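For reference, the structure discussed in these notes is given below.
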Amino acid sequence: MNSPSGFSQKTVNLESRSFSLQILKFENGYFVSITEGINKLGSMVVSLATGPTAITTTIIPSRSESLFLKLTAERISTRMKGIAVVTAFIQKELEPDTAKAIMTEIMEMVQN
């Protein structure tokens, strides 16, 4: 669901787990929140892509999903040539198929 303010939200149910995806669009980037269960800030990665490759920094490290966060932030920032801040509060490690499905949902939301 998109709003004129640039905020969109979606709930995705995968493998008996429920993830809330919240995206706030800005002129020069996106803030993306991925949460499982209660809405909380979690691990955080920032990516900036103004040239051919993205520059990515971890703000709050993740115990298990650091690659997923990094790839998500870099795909978004590279696609829009701007900034992507991605935070994830995930209760247990993601299976590869679950991570791929979440990434697909996020990229669809960003393209709209």
- Task: Evaluate the following for residue 67: is it without any contact (Cβ under 8 Å) to a residue 12 or more places away in the chain and not hydroxyl-bearing (Ser, Thr, Tyr)?
- Result: yes
- Can residue 92 be described as within 20 Å of residue 23 (Cβ to Cβ), surrounded by fewer than 19 Cβ atoms within 10 Å (Cβ to Cβ) and of a type in the set (Lys, Arg)? no
- Residue count, segment 1-16 (criterion: at pLDDT 75 or above and outside any loop (DSSP other than H, G, I, E, B)): 8
- Item | Hits in segment 17-48 (condition: touching a Lys or Arg at 6+ places or on another chain (Cβ under 6 Å) and either of a type in the set (Lys, Arg) or within 20 Å of residue 6 (Cα to Cα) (or both)) | 21
- Item | Count of residues meeting criterion [in contact with a helix residue (DSSP H, G or I) (Cβ under 6 Å, 6 or more places away or on another chain) and either without any contact (Cβ under 8 Å) to a residue 40 or more places away in the chain or not in a strand (DSSP E or B) (or both)] in segment 35-47 | 1
- Item | Tally of residues being assigned to a helix (DSSP H, G or I) and either among the aliphatic types (A, V, I, L, M) or over 15 Å from residue 56 (Cα atoms) (or both) across segment 72-112 | 19
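The values are calculated or read from the model by the stated rules, or taken from the named source; none is laboratory data. Keep in mind it's a predicted model, so treat the numbers as computed, not measured. When we count neighbours, we look across all protein chains shown, and the Cβ atoms used for this are built from the backbone with ideal geometry, even at glycine.
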